[in-house]
Structure formats: C-alpha cells, structure tokens
Amino acid sequence: MFADDIFPKLEFTEEELEAKYPARQLPAGAMVTRICPSPTGFMHIGGVYAALICERIAHQTGGVFYLRIEDTDRKREVAGADAIIVNAFNAFGIQLDEGEVTLGTEQGAYGPYRQSNRGNIYDVYIHKLLAQDLAYPCFCSVEDLDELRKRQEAIKVRPGYYGEYATCRHRSADEVANFLASGKEYIIRFKSRGDYSKRVVIEDAIRGTLNMPENDQDIIIRKADGLPTYHLAHAVDDHLMRTTHVLRADEWLPSIPLHVQLFQSLGWQIPVYGHIAPIEKMEGSSRRKLSKRKDPEASVEFYYKEGYPIPALVEYMLNLANSNFEDWRVSHPTTDYKEFPLSLDRIGKSGALFDFVKLANISQNIIGSYTPEETYQHSLTWAKQYDPELASEMEQQKDYCLAIFNIEREAVKTRKDLSKWADLRNSIGYFFDTEFAKLSIDWSEVFSSLDQKDAPILVSKFLETYDPADTKEAWFEKLKAVAVSCGYSDNIKEYKKDPGTFKGHVGDVAKLLRVALAGKNQSPDLSEVMRVMGTDRTTQRLQAIPNM
Ligand code: GLU
C-alpha cells in the first residue's frame, strides 16, 4: 500500500536490476564472499581476521571476494575511514577483486560498492515490499517508541515493535493517506508475517544447524533520511552482487530469522550464512571479546606499531581459524599459506583466544628466516615510521646493520631474539654509538659479583691478546686465561664447589664485558658482537667502564 505515493518515480525496474547484475559466470563450487565494514575510522583486528577467512574461501574455490562499504549509518561515518580499511587489506595482502580495491576508485561490475550510493536501488525493493503489503510507513516518534517500551516493561511482554504493539501496522488507509499528505515524517517498516511461536531452522556454515524462533518484529527497513538499514541493505546487496556465502561476525546471529524472512519476502534464494566467532582475550580467569574501547590490541594500528611482520599475523590468524593449520605448516614449512585448504566447518564455534605468546613464536621464526638484507629492509621500513632516530642510523650504516643482522645466522640454532620490530631498539640500538650513549647503564649487578677495582686490569689484559680473527672457541680460551690470571675461576662448576678460593668466575668477567659493550647483560655471542662492532669501538667501550 502507498508504494506509488511514497515512490512516485523509481530509477530502475526489478527486471532491469536483475539484468544489470546478472548471475556470475564462475566455475561450479566457486564461492562469492564479501567483507562489509562500516567506515567508522577503526579497523578491528577481528575485521581483518574475517576478511582473511572470506578471501581464502573465495579464492581457494576460484570465486570472488569483494569489499562493500556499509555506510548507511551516516552518524557513525568518519573522514578518512576508507583509507584505514583499504590500507589494512593492502597491508595484510588480502586481495580484493571488487569494490574499493585501491583507495578512491571502485572496480567491478556489481557496483556501486558503497551503500550510500545505492539508495535508488534499495528503493526499488522497498517499493516492492510496500506494494505487496510486506512493508508500511510508520509515523511513530521517538517518544511514542519510548512509551511503548515502558508499557511493555510494565506488563512484562517481549519488547519491540510487533503484532498488536506495532501501532502503525494497524492504521487505516485514510489515516496513512492523511499523514502522508500532511508531510508527517515517517520511516518504513517491514511487515513481518512471522510467528514467534514457530521455529526457523537454518544451516550455518560455521555454527551448524540453527534453530530459532521466527522473527515477528516489524523492523525498520528505511530510515527517515531515505537510506535503508543494514538488514534490508545487506539482503539487496548480497542478492544483486551474487554473494553465495555471507560470512560475518556472529553479532549478527540473532538477526538470522529476520534475514531469512527478508530474502523469502523478496523472492530470492537465501545465501549460505556463516557466523564467525569473535577474537577473545583472557581477563583474569574469564574470556571476553576484544574490545575496541578497552583493548589497544583490538586495533590493527597496534600491530603496525608493534611491528609484527604481516606474514606472522596472517599465519597466526589462519591458526586461529583452523587449528590444523599448525600441523600443515610443520609438514609444509615453505609452502605459501594460500595452498592451505581453509575449511569453514573447522572454524571454532566459540571465540578464538588471542595468544600473544604464540604469535611471538610464529613471528620469531619468520624473522629468523629472513636474510640479513630482508631483515634490514623490513625493520627499516618499520623504523622509518615508528623510530626515526634509529632509522636514520640504520640508513647511514647499512653495511654495519647487515653485519649485525648476520650475527649467529649460520649457527645451528638461528638467532631468535626478535619477534617484532618494536624490539629492534632493544635488540640492536646499542651497536650505534649515539644510541648507546643514551643508555643509562646499571653497573650494580656487574659489580656485585666482580670487584670493581679488577675491571681495568681485566679489560687491559683482555685487550692485550684480543684478536678479532679468533674463532669463538679461541676467544673464549683467551677470556678464561684472563679470568684465571686475575684470580677468577675459568670453570663455573669448580667455582661453585669452592667459592672461597676464587674472586669469581669467568661468567662474571664475560658479564663485565657484555654490559660494557651492550649496556645490558643480554646480547648475542659476545665474540661476534665484538667483531661486528670493530676493535676500536670495542676498545673504547671497554675502557669506558667506570673506575672507582
Ligand atoms: N556492516 C556490517 C558490520 O560492520 C557488516 C556485516 C556483514 O558482513 O554483513 O558489522
């Protein structure tokens, strides 16, 4: 009713739209998936996780994966939000086929891919629902709805706009005609034929069989600003864009009965739905969803800033999605992750717990597998943005950096002290004199096990025989000899048996040298550190050990 009064002129007919967006010509079994963020200026890591799942599912079946910007809620829109979305997919290497593949331009034959540019399309179907008495204009004000809610609370009935409580559903044609003629503001509601006492059963590709009460709510499908709500918009878009699999966050699970009803009312085939459980974290002994408000790690920015290599994040998220990925990775250590057959029914039904220890582990292995040149390039890219001072040192001294990153490369156990680039300064900063000068070194631990008066003697004896060409073993033999000559044991076990006989042991002497060179008692193999630093710098730092 009133379809033509409300929409006297439509830009398209249904037939034209069907022809404009024909069935896709794809191989049998190909899946069409989409990611549909709202441009809120915040990219949740869960959004990237969902996108990765959608992208894999589409591409591993020879299908299509597209980006649709869901911006019908204009109040939530933030300038620059598209860039955050598009850049995130680019950064994560999540390949889009259609939509805003590159910032500012759309690609693909099923557009526009931004909902606010599709108002004239939605109107065709809202008109259709009105004409079939499956929708009606609603003139209730915010106050009316507030009053309804209070009334329902008082008489303890299910809240919402349905059945006898759906005031405008029961208005006479005259009343509606008068309201429309008077220019009274209205929205349009779906006229549900559902019965809450009946059940709807649907197969969710991730959750399995869902059995829920039918929807009987007359939800809003078109707002006063002329744009549709998510419910209607997604149905129209997923139909016309020929989506086969609607894989989305499980916050939409309760809306399934409504969405099924919308598809049926519009006479369309219902796509396969799959609801992805959110990424969770532990808080005390309980789990909860990563929160945009409370958890910095909910935002992709956090991962950029911490400098986790993207491949590590991708691998980690695949692990979260399909726990058998880990075994697959062990048996396919160098295979592209795109070869892994991601399966929807292996995705967990309950939240995936984000485990930073595991992420760090994956990340360490990935960084450990980089050549010095790769390590240099990746870390420099990060440092340019997040630690420009270190970046400028690195740029000025590339060869020095390559030598640093080469330390312990050939060892049986490759060096794995870096799990993210935010650790870079701590890991290599001390190699650069200007950065080293900024460190405030805590000598107390060194001099708690080594007599400070011995320091200059140990250093000068060490330097007398130091030869950068020595092997690691020869270097250590010399260090032991220096220790012994000053009354320190060259054997920790021996020292522990009879500590009274010695001033300390060779480990204490090594610690003195290590702290003098690295500013802390942790570094890769000291003989290699010295060789890379060069004899001049080594000498200078050792001689700068504070004297009493
Ligand atoms: N715009 C919706 C959201 O951001 C998308 C849900 C969907 O994928 O259908 O939650």
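The values are calculated or read from the model by the stated rules, or taken from the named source; none is laboratory data. Not measured: the values here are computed from a predicted model. Ideal geometry is used to build each Cβ from the backbone, glycine not excepted, and the neighbour counts take in all protein chains shown. Heads up: the accessible areas ignore ligands, DNA and RNA and are worked out on the full protein's heavy atoms, side chains in. Shrake-Rupley method; radii C 1.70, N 1.55, O 1.52, S 1.80 Å.
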Self-check item: Count - residues of region 338-370 that are open to solvent by less than 70 Å² (accessible area, probe 1.4 Å), at pLDDT 95 or above and part of a loop (DSSP other than H, G, I, E, B)
Solution: 4
Quiz item: Among the residues of region 77-97, is there at least one that is within 20 Å of SER343 (Cα to Cα), among the β-branched types (Val, Ile, Thr) and open to solvent by less than 30 Å² (accessible area, probe 1.4 Å)?
Solution: yes
Quiz item: If you scan region 44-71, which residues turn out to be within 11 Å of the ligand (Cβ to nearest atom), open to solvent by 10 Å² or more (accessible area, probe 1.4 Å) and not in a helix (DSSP H, G or I)?
Solution: HIS44, GLU70
Quiz item: Within the bounds of region 235-242, is there any residue that is within 13 Å of ILE219 (Cβ to Cβ) and within 14 Å of the ligand (Cβ to nearest atom)?
Solution: yes
Quiz prompt | Scope region 497-542; condition in contact (Cβ under 8 Å) with a residue 40 or more places away in the chain, open to solvent by 60 Å² or more (accessible area, probe 1.4 Å) and more than 42 Å from the chain's Cα centre (by Cα); matching residues | solution = LYS503
Quiz item: So which of ASP225, ASP204 ends up being closer than 17 Å to PRO254 by Cβ and charged (D, E, K, R)?
Solution: ASP204
Practice problem: Quick one: which strands (runs of 3 or more DSSP E) lie wholly within region 99-139 and hold at least 1 residues that are more than 16 Å from ILE85 (Cβ to Cβ)? | Solution: 135-138
Quiz item: Across region 77-98, what is the number of residues that are more than 20 Å from ALA23 (Cβ to Cβ) and either in contact with a Phe, Trp or Tyr (Cβ under 9 Å, 6 or more places away or on another chain) or not in a loop (DSSP other than H, G, I, E, B) (or both)?
Solution: 15
Exercise. Among the residues of region 255-282, count how many are under 13 Å from GLU214 (Cβ atoms) and away from the ligand (no atom under 11 Å from the Cβ).
Key: 8
Exercise. Could you check how many residues of region 162-186 are crowded, with 17+ Cβ neighbours inside 10 Å and within 17 Å of ILE126 (Cβ to Cβ)?
Key: 3
Quiz item: What is the number of the single condition among (1) closer than 22 Å to TRP268 by Cα; (2) assigned to a helix (DSSP H, G or I) that PRO22 does not meet?
Solution: (2)
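Yes/no matrix, rows are residues, columns are (1) more than 17 Å from VAL300 (Cβ to Cβ); (2) at pLDDT 95 or above:
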| residue | (1), (2) |
| --- | --- |
| GLY46 | no, yes |
| LEU52 | no, yes |
| THR61 | yes, yes |
| PHE65 | yes, yes |
| ASP71 | yes, yes |
| ARG76 | yes, no |
| GLY80 | no, no |
| PHE89 | no, yes |
Self-check item: Filter pass, ASP5 being buried (at least 16 other Cβ atoms within 10 Å of the Cβ) and in contact with a helix residue (DSSP H, G or I) (Cβ under 9 Å, 6 or more places away or on another chain)
Solution: no
